[in-house]
Each structure stands twice: as C-alpha cells, then as structure tokens.
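Since every read-out is calculated from the coordinates, none of them should be taken as a lab result. Quick caveat, the model's predicted, so the values are computed rather than measured. Positions of Cβ are generated from backbone atoms using ideal geometry, with glycine treated the same way; all protein chains shown enter the neighbour counts.
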2 protein chains.
Amino acid sequence: MHDLHAVIMAGGSGTRFWPASRAARPKQFLPLSGGRPLIRATLERLQGLVPEGQVWIATNPVQARALPGVLPGFPSSQVLVEPEARDTAPCVALATAAIAARNPRATIAMLPADHVVAPVEAFQRMLRRGVAIAADQTSLVTFGIEPTFPATGYGYVECGELLDAVEPRAHSVRRFREKPDRATAAQFVAQFISQGTFLWNSGIFVWSVPAILAAMQLGNPDLGLAAEAMSEAMRRGDAAAVDAAFRRAPKISIDYAVMEKAQKVAVVRAGVQWDDVGSFPALERIAPKDPAGNATSLADGASFLQLQSRANIVYAEGRRTVALFGVDNLVVVAVGDAVLVCPKEQANELKALVEYVRAAGRSDLL
Amino acid sequence: MHDLHAVIMAGGSGTRFWPASRAARPKQFLPLSGGRPLIRATLERLQGLVPEGQVWIATNPVQARALPGVLPGFPSSQVLVEPEARDTAPCVALATAAIAARNPRATIAMLPADHVVAPVEAFQRMLRRGVAIAADQTSLVTFGIEPTFPATGYGYVECGELLDAVEPRAHSVRRFREKPDRATAAQFVAQFISQGTFLWNSGIFVWSVPAILAAMQLGNPDLGLAAEAMSEAMRRGDAAAVDAAFRRAPKISIDYAVMEKAQKVAVVRAGVQWDDVGSFPALERIAPKDPAGNATSLADGASFLQLQSRANIVYAEGRRTVALFGVDNLVVVAVGDAVLVCPKEQANELKALVEYVRAAGRSDLL
C-alpha cells in the first residue's frame, strides 16, 4: 500500500519484566515472540503491507542507541527520537509531523512494539480494512480484540452500529471504557458473548494525516499546536525546535487526548490472537508449556529442567540451566547478572521490587 | 609438633550441593567457610600445629587435577591420589603407608576436608590433647562434639570412664553408635545433657603409625594386608603396585573396619563449634542471616536482595544478584551456568534431582 506509513511505538520500559528488562533493554527488546524480540516480530508483521522505507520507530534516546543491536540494518533516518517520556499523544504528534513532511495525505498505522499478535495474515487483513476505512481522510480507526477472559488490565471499546457488510466487520465506536473493575469486566465479557458489544482496545490505530491533525485540534488544541510546531520545525530542518515543541506538548495519552473526543471513530473487529504481554504471567498464555504446566521462555542457549514442579513460569537467556525441584507456581527468571524468584500471583507487583532495588542503591541492576 | 603428620581426606563429591558442587568441584572446594573454600580453611587450621611439609591431602584423580586452582602452591608430592573411590579405610591405609615411609613412629591426624570447625585455638587444643593420648603408640583417638540438636545424620560416640583430670576432657569409648532414628537421637541428646554420655562423632582421628597398623590387623586383616602391600610397594617406589594394592583393599569405612573393633579408643570432648555442612540447610547454621532470617552464602562478587521474603537460603557465586520477592523457605542457588530453586525441606533430597539430571542426559551439568 504505497501511501501507508507505519509507526512502531517503542517507548515503554517494562519494569514488570525485571530483571529481563533493563533501562536500555525494554520489554520490546526481549525475545518473547518465539525467541525473537517483540519489536522485530512487530516489524516483520508489516512486511508486504508497508513499504520498508515507510516504517518508523518512535523511541527514547537510550533505546534508540540500543536499537541497532536488536534490529541490525534498520535505517536511523526512520527512527523518531522522543526527547523525553511524555506518554503517547506527543509521540503521535511527532510521527504525524515526520510523515506529513513526506506525504500530507499519507495513511498512518500506529502500532505498539511490544505486543504479541498472530497470525500475520489476519493481522494484515485487519490493518487493510482499517486503511480502507481511513481512506475517507476523516475517520480514526481502532482495532478491537475479542475478549477471552474478564481482563481488568485492558481498556475496552464499546461497539456501535455496524458500518457495512464488509469483512472483517467494523463498527462505529459508541464509547471507550477504561480498565474496568472485575465485576464490570465480567459484565463486558458477558455482553461480548451475547451481543458482541465490548472488545479489548488493542492500542493499534490507523488514520490519515488530515484526520489525526483535525482530531488533535478538536480534542486537545495544545496538542494540535504542538503538532503544528513540530511540522513547522521539521520543514526548516531545525531538530532543536522539534525537540522543544515535543517537550511543550501536553503529557497525555492519545486515547484521552484524542480518541475519546473524536467524532468519527471506527473499530475493526480484529480476528487475531493478541496479548499485550503485560508481565511474566502472560507467558502462561504465549509460551510453550511442559506436561506439568510449566511455561518456559528460553533464549540463546538457555535450558530448563524440573522434577516434581508444577505450573511455574521460567524465563532464561544465555547458556544456563534453570532447575526446579519440588516448587509450584513460581516465577523464576535468570538473565545476565540477575536471578529473580517470586510467586506467580505476585509477579504483577514487580514494580514494587524495582522501586526497592532503586531505593537500595542498586540502580546498576535497573 | 615435629612428629605430627596430618591427612586431609578430600574424596567426597557432595551431590547435595548441586549445582554449586560438580564432579571436578566437590563440596570441600566451595567457599563455604566465610568465603574461603572449606579445604583451604581446613589446611589453615593446621598452621602452627603441623609442619607444612607433613600435611597430606588424599583425594581422587579428578579433584587432584583441580586442587592447584583452590590451593595454589600446595606441593603435589604431598597429594595422595586414590585411584578409585573405596570409602575411608583404604584411604587411611594409603596415608599410613606414605607417612610410615618417612617416620614409622609418626603421629597422624586424619581430618575431613569439608567440615566447618571453629575457633582455631580450641581446635588445636583438642588435637594436641589427642596427640598426647596417642603418644602411647597404642591408643586410637576420636573427637566428640557436644550435640546441640537431636541429629539423625551423624554417628554418636558413647563415652566410658574419664581418662584423667587433664583438659579438654577425654574418655574411653564405650561404643560407637550409628546414625540413630529420631527417637534414639532425642534420647542421646537428653543423656548428653544429664550425664554428658553421648557426643557426635566428628570423623576426626589421631593415632600413631604402630597403633593404626595394629588396629587394622586386628579389626580387618584384609585391610591390614593391603596397608602392608602399599607400604612395601612404596618402599620400592612402585606406584602401579601401590594403586593395585589400594584397589584390592576392602571397600569399607574406617569406622566399621577399625574403630568399632579396636581395643583402646579414646574420645576427646572437643569444645569447638563443628558442622559437617551436609547440605544447603546447613547454611542456616554457619552462614550470616539478614533480619528476615534469610541465610546467605555469597562469594566472588555475588549479592542478594529481597523484599517480603523470609527464611530462605541463598547461595551464589560470581558477579550476579539473587533477588527474592515474596517467597519463604526456599533454597535458591546461582552458580556458573545453573540456577536451582527448591523448598528448604526438600534440599536434603537433592540427590534425586542430580540422578534425574543424569538420567535426562545432562551429565554436562554434573
């Protein structure tokens, strides 16, 4: 699709994967996609859909420096460096400015770098459908995942009327719903089963340059101004001014700033397996399991053996063996110079440990 | 003491410390004595008591090759290589033959390489007392540890009459008692508390060359013959014949073959802290603990941090950090290319895991 650009958003740090993830090694660099780094899998999913020269990666300065190690050969001219972490809205503004400079009517797909999505064919089909909808140069398109459990960690999209008879199906968006409590999540999933109303918000978007610029002006005028300033600075080739405009942009997510206020939003019901790989317990969904239910993510020569051990999650990299003997429901991580052991049900609280590591003066481990 | 020789018995493999211990790295090579290898601490405990040229190490061929890495500068002429594992009696015969060739009336202290004993002064005092008793050239001397709990993993010595008024106290041995069941062990400890009758058998011995040779002839004539054959072959400088005689010696412990049948055995009540460091749980007795009761043995740059974790045992070597988050009563080991996690109460069964590792075709890890 010759006027389609893609922006891989790779700004996250992923403290919930410590000690596998570190400051210069965020979640999207981890070999969580069948042994490949998530970001590389995200890039490869675009092959044949987006011309190579029109794929961008938006990331922070530290990760930008580490990128060649994970994606050798990716052109640095297609790396958009966010001078500071300001959530997703300024990232979208920066990417829009960069792409508009090439093609002011381009279509843009915005994609998180650190999700697992499969199969590729279904992913590309859903993206093509979004591109077709966005071709009106006014619609914003989001992608909704069919929920498989009452997740409280995801936002939901409430579907409105069906747009047309084309497959995959697309609806107008009635409403975005933030991460629900458990009871509400159960209700959402029940309504999905009975009427198909609620879908998980995948965080993937498609829109045209004119549509997103108009939606920014409408939803958050400060953001719109920042986007204009970035475009203007880019036309002058003034990198310092681009950075300055980025730093002035409101620190807010694109969902809050734009999506929830936009007038014409469509949701494509994405028939894909999708996981945001939020923390180690996600490995129970995306990684292979042995007959005793131990989920293992092993890369670069790591191996695993167990005796009398059930339902553990093991993540290891490098030539080393993790041996479990008579333990259940643990997360065991062995990467580089660190080993972590914690109960599975506590793995979502890893942030607390990371903060403790920092407070203990061991930032060298982060 | 110019006629005192010492033999450090370093034949054990220590599968109960896997993956810290490996085939070429037995328990006595592990830095379990305040960061120093146990065998080095054993050697250092003899300084000032036994002339350097009269300290011997008896070990197997694999460990003999690895010895210079742990004890740089130790003379290879003082290493006695046991051609195969045949328990302790042939080891004693070999050492006796080697020392008798130098001094047929020498006194010999036999010391396991892999125990923790402190303080040095008390250790040397007890050994001197043993040497004085053995000076009659007929007594065998063993050393009894004051029991602190009803151990079922140790043998016991039942004290007979007091030999004399000298300190530390020494008794004739009434009887050796094998590793007792729990009830018997409790009885032994109760009797120690009320009458001082039962002591732990430390596995340390002192005797003269004539006394041990006579006791071997009496207790196990085959062993006596093997010792004679080794002596004879050594006089001829025939290493192959020494090996052959060793291989023909009965495979038996010195306790069964000699001590339990000897006529004149004394036990010195050893006022030392002593631990045979039988498995990882021993670290709770000999290693430092944090306020949450986590016992840590860290060497060569290893570090430990924990949040909400209690009563764990952590063993790590090398520049790495073990982080525990919300776990209790685990053993966590990180050494070289392996990580082990198991519950504390299962750490004594590690042999089963080691056998499984072998059966799984991973002898490279052993």
(message) Please report, for B:GLY196, the nm distances (one decimal) from its label point, 7 Å out from Cα along the beta-carbon direction, to the equivalent points in the remaining copies, shortest first.
(response) 9.1
(message) Around A:MET1, under 15 Å between beta carbons, what's the net of Lys plus Arg minus Asp minus Glu among the other residues?
(response) +4
(request) Round to the nearest 10 and give me the degree value, 0 to 90, for the angle of helix B:61-70's Cα axis relative to the longest principal axis of chain B. (result) 70 degrees
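What does the net charge come to around B:CYS159 if you take all other residues with beta carbon closer than 13 Å to its beta carbon, with K and R at +1 and D and E at -1?
+2
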(message) Skipping prolines and chain starts, which residues have an amide H placed within reach, meaning under 5 Å, of the one on B:LEU330, given they are 5 or more residues away or on another chain?
(response) B:ASN312, B:ILE313, B:LYS344
(request) Could you pull out every one of the aspartates and glutamates with an alpha carbon less than 18 Å from that of B:LYS264, ignoring same-chain neighbours closer than 8 positions? (result) B:ASP136, B:GLU158, B:GLU161, B:ASP164, B:ASP255
(message) If you average 1/r across every pair of different Cα atoms in the range A:69-193 and take the reciprocal, what Kirkwood value do you get, in Å?
(response) 17.3 Å
(request) For the range A:224-305, compute Rh as the Kirkwood radius over C-alpha pairs and then the Stokes-Einstein diffusion coefficient at 4 °C and 1.567 mPa s; write the answer in µm²/s, rounded to an integer. (result) 73 µm²/s
(request) Using packing as a proxy for protection, rank B:25-32, A:216-223, A:127-134 so that the peptide with the highest average count of other Cβ atoms within 10 Å comes first. (result) B:25-32, A:127-134, A:216-223
(request) May I ask for the net charge around A:GLY318, where only other residues with Cβ less than 10 Å from the Cβ of A:GLY318 are counted and Lys, Arg are +1 while Asp, Glu are -1? (result) -1
(message) Sort B:281-290, A:57-66, B:333-342 by packing, meaning the average of other beta carbons within 10 Å per residue, with the highest value first.
(response) B:333-342, A:57-66, B:281-290
(message) If amide hydrogens are placed 1.01 Å from N in the peptide plane, which non-local residues have theirs closer than 5 Å to the one on B:GLY203?
(response) B:PHE143
(request) Report, in deg cm²/dmol and to the nearest 500, the calculated mean residue ellipticity at 222 nm for the protein assembly as shown, where each DSSP H run with n ≥ 4 adds -39500 (n - 2.57) and the sum is divided by the residue count. (result) -9500 deg cm²/dmol
(request) At a temperature of 37 °C and a viscosity of 0.692 mPa s, determine how fast chain A diffuses translationally according to Stokes-Einstein, using the Kirkwood radius over alpha-carbon pairs as Rh; express D in µm²/s, rounded to the nearest whole number. (result) 153 µm²/s
(request) Please pull out the direction-averaged projected area of the range A:1-134, using the convex hull of its alpha-carbon atoms, in nm² to one decimal place. (result) 7.9 nm²
(request) Just tell me how shielded A:58-66 is by partners: mean number of partner chain Cβ atoms within 10 Å of each residue's Cβ, no decimals. (result) 0
(request) With all distinct Cα pairs included, what does the Kirkwood hydrodynamic radius of the range A:312-366 come out to in Å, to one decimal, could you say? (result) 12.3 Å
(request) Using a 10 Å cut-off on Cβ atoms, rank the peptides A:150-157, B:139-146, A:237-244 from the highest mean neighbour count down. (result) B:139-146, A:150-157, A:237-244
(message) Residue by residue through the range A:271-279, what is 3J(HN,Hα) from phi via Karplus (6.51 cos²θ - 1.76 cosθ + 1.60, θ = phi - 60°)? Round to whole Hz and write x for glycine and proline.
(response) x, 10, 7, 9, 8, 8, 6, x, 6
(request) From other protein chains only, count the Cβ atoms within 10 Å of every residue's Cβ in B:332-340, then give the mean. (result) 6
(message) Give the average, rounded to an integer, of partner chain Cβ atoms located within 10 angstrom of each Cβ in B:312-324.
(response) 4
(request) Any chance you could give the angle, 0 to 90 degrees and rounded to 10, that helix A:182-195 forms with the longest Cα principal axis of chain A? (result) 60 degrees
(message) How large is the direction-averaged shadow of the alpha-carbon convex hull of the protein assembly as shown, in nm²?
(response) 38.1 nm²
(message) Can you compute 3J(HN,Hα) from phi for each residue in the range A:21-28, using the Karplus curve 6.51 cos²θ - 1.76 cosθ + 1.60 with θ = phi - 60°, rounded to whole Hz and x for Gly and Pro?
(response) 8, 9, 3, 9, 9, x, 3, 5
(message) Taking just the alpha carbons, could you work out the radius of gyration and Dmax for the range B:224-269, both in angstroms?
(response) 13.7, 41
(request) Under 21 Å Cα to Cα from A:LYS251, which lysines show up? Leave out anything in the same chain fewer than 8 places away. (result) A:LYS179, A:LYS261
